[in-house]
Structures are given as structure tokens and as C-alpha cells.
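Only one structure is covered here, and it is reproduced in the block below.
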């Protein structure tokens, strides 16, 4: 995680604590709250813009989309991104395991991941059921995209845990 992102996360946390303190502090006035709100808003915007940077896989997929607009080409782009997100998930999972400090944490991660895999597989069945009986070349693209998003979200979730450990334990 880069230095700027760490600073933004830390500052947003500090401002959130300060805002909470001002909100619940006996005798705080609306004027005091009004003075802090612009700072909270500014740093929230900075954090959002820093944290919501697009992942390289998403950027590559968008670049692939820009090359050609046919459904077949889009399906190829989605399939490549799907594969890349799946590979990234495995890398991030392994990275997180190396950062966990106790066997209990590693066991909890493994149990969580096994349950997530069950969820993923059931969600895939549900996604496919939504498109039963529909004809058209765009529907396979939507199925791939919905499935990919499940893997993408899990990858980003685990990456958040990796970032947490890098901030607090390294």
C-alpha cells in the first residue's frame, strides 16, 4: 500500500473520531460541528479518490473493450478478466496467509474461504438460473460479468485484510 493511501486512511480515521467526539461532547455547538464538516468532507473525498483507484485488471478489461465492440470480443475480454481476477484471488489469499500471525487466524481464514467457495458456487447456479430461456449473444457476457464480480469483490475484500496487516503489523 502506498504512503499516500495510508495517510488518507489514517487522516479519515482521525477526522471520524474527532467528528464523533464533537457530536457527542456535552456542550458542542452546531457552529463547532459546522467548522469541522468541511474538513471531514474534504478528507472523505481524498480517501475516496485514493482508495477507489481502478485495479489494473479493470483497466486492462476496459482497454480490451475499447478495441472492438462485438459481443464475441467483449466475451473474450470478460473471460480474460475473469481468469485474471481468479489468479489474483489466489495470490492475495496466499499473501494474506503469510501475513497472519497465529495458526488460529490461518484456520479462520481457511474456514472462511471454504464457506465463501460454497457461497460462490451457489451464487453461480443462481446467476445462471436468471438467464434460463433467454436467447441472445449478450446474455453469456452478463453471466461472465456477474460471476467475475463475485470473485473481484472477494479479492478486494482479502486485499483489504492484507492492507490492514501491512499497516498495523509491518
So what's the convex hull volume per residue for the Cα atoms of the range 56-169, in Å³? 83 Å³
Please report how far the C-alpha centroid of the range 141-169 lies from that of the range 79-129, rounded to the nearest whole angstrom. 9 Å
Relative contact order for the range 56-169 using alpha-carbon pairs under 8 Å, separation at least 6, rounded to a whole percent? 42 percent
Hey, fewest Cβ within 10 Å first, where do 147, 110, 76 land in order? 110, 76, 147
Which of 131, 169 has the fewest Cβ neighbours within 10 Å, and the rest in rising order: 169, 131
Between residue 129 and residue 170, what FRET efficiency follows from the Cβ-Cβ distance if R0 is 41 Å, with the result rounded to 0.05? 0.40
Efficiency of FRET from Cβ geometry, residue 98 and residue 70, R₀ 45 Å, rounded to 0.05: 0.60
Taking the convex hull of the Cα atoms, report for the range 74-131 its projected area averaged over all directions, in nm². 4.7 nm²
Under 17 Å from a point 7 Å along the Cα-to-Cβ line of residue 90: which residues of the range 149-170 have their amide N that close? 151-152, 154-156
Length added when fully stretched, residue 83-residue 111, from 0.36 nm per residue minus Cα-Cα: 7.7 nm
Residues residue 119 and residue 55, FRET efficiency given R0 of 22 Å [Cβ-Cβ distance, rounded to 0.05]: 0.50
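Every number in this text was worked out from the coordinates using simple rules, so none of it is lab data. In this text the structure is predicted, and so the values were computed from the model without any measurement. Every residue, glycine as well, gets a Cβ built from its backbone with ideal geometry; the counts of neighbours run over all protein chains shown.
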